[in-house]
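**Q** One structure follows; several queries about it will come next.
The values are calculated or read from the model by the stated rules, or taken from the named source; none is laboratory data. Quick caveat, the model's predicted, so the values are computed rather than measured. No Cβ is skipped: glycine too gets one built from the backbone with ideal geometry, and neighbour counts run over all protein chains shown. The accessibility values were calculated without ligands, DNA or RNA, using every heavy atom of the protein model including side chains. Shrake-Rupley method; radii C 1.70, N 1.55, O 1.52, S 1.80 Å.
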Amino acid sequence: FSQSTVVDSLKRVLSETTNDTGRIDILLDIGTELQYSNPTLAMNYARRAQSIASSTRIVRFNSRIHRNIGIVYATTGKSDSALISFQKSLDYALQYGNDTDIGNAYNNLGIMYYYNGNFLKSLDYYVE
């Protein structure tokens, strides 16, 4: 499937989804599909997911929301903002004990520190 086909399919599902948890999940999926090809639009989807999660107090998506935001910051050259978002992602993942999100957060922090030239700190995150 091409990216636009996947995004179009997700948008159709989003338009038919009424529960907040499903909408958050789909918004994040769309953002993930767009994060490298259209980071501005990807950020908009992450922010929409964040808004729903915040207003409904659905906290289980917070790690993933901040991961998506961090990736957009990283792809647009905003490494300081990316590090802050990835740290928030890790904090939420640790708080809720989601092993997959914990691993993703450590990996993303390691990548950012590597690209910033802080190899020792990068290695610390990779071995976590």
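**Q** Binning every alpha carbon pair distance of the stretch 1-64 at 5 Å from zero, what are the percents per bin?
**A** Taking all Cα pairs of the stretch 1-64, the binned fractions are 4, 20, 31, 25, 15, 6, 1 percent.
**Q** Helix 99-115 sits at what angle to the longest principal axis of the chain, using alpha carbons and giving 0 to 90 degrees rounded to 10?
**A** Once rounded, one gets 60 degrees.
**Q** May I ask for the Kirkwood hydrodynamic radius of the stretch 38-128, worked out over all distinct Cα pairs and given in angstroms to one decimal?
**A** After inverting the mean inverse Cα-Cα distance, the result is 13.1 Å.
**Q** Kindly provide the helix-only [θ] at 222 nm of the chain, computed as the sum of -39,500 (n - 2.57) over DSSP H runs of four or more divided by all residues, to the nearest 500 deg cm²/dmol?
**A** -27000 deg cm²/dmol
**Q** Continuing with this model, one more query. How much of the accessible area of the stretch 66-107, in percent, comes from carbon and sulfur atoms when a 1.4 Å probe is used?
**A** Of the solvent-accessible surface of the stretch 66-107, carbon and sulfur hold 45 percent.
**Q** Which trypsin sites (Lys or Arg not before Pro) in the stretch 19-106 pass both tests, a DSSP loop state and at most 10 other beta-carbon atoms within 10 Å?
**A** In loop regions of the stretch 19-106 (DSSP not H, G, I, E or B), the sparsely surrounded trypsin sites (Lys or Arg not before Pro) are Arg57.
**Q** What does the charge dipole of the chain about its Cα centre add up to, to the nearest 20 debye, if the Cβ of each Lys and Arg holds +1 and the Cβ of each Asp and Glu holds -1?
**A** For this selection, approximately 340 debye.
**Q** Return the tail of the calculated pair distribution for the stretch 76-128, meaning the percent of Cα-Cα pairs more than 15 Å apart.
**A** Cα-Cα pairs of the stretch 76-128 separated by over 15 Å account for 41 percent.
**Q** Provide the per residue accessible area, probe 1.4 Å, for the chain, rounded to a whole number of square angstrom.
**A** Ligands and nucleic acids excluded, the figure is 56 Å² per residue.
**Q** Helix 39-56 versus the longest principal axis of the chain: what angle, 0 to 90°, nearest 10, using Cα atoms?
**A** With both axes taken from Cα atoms, the answer is about 80 degrees.
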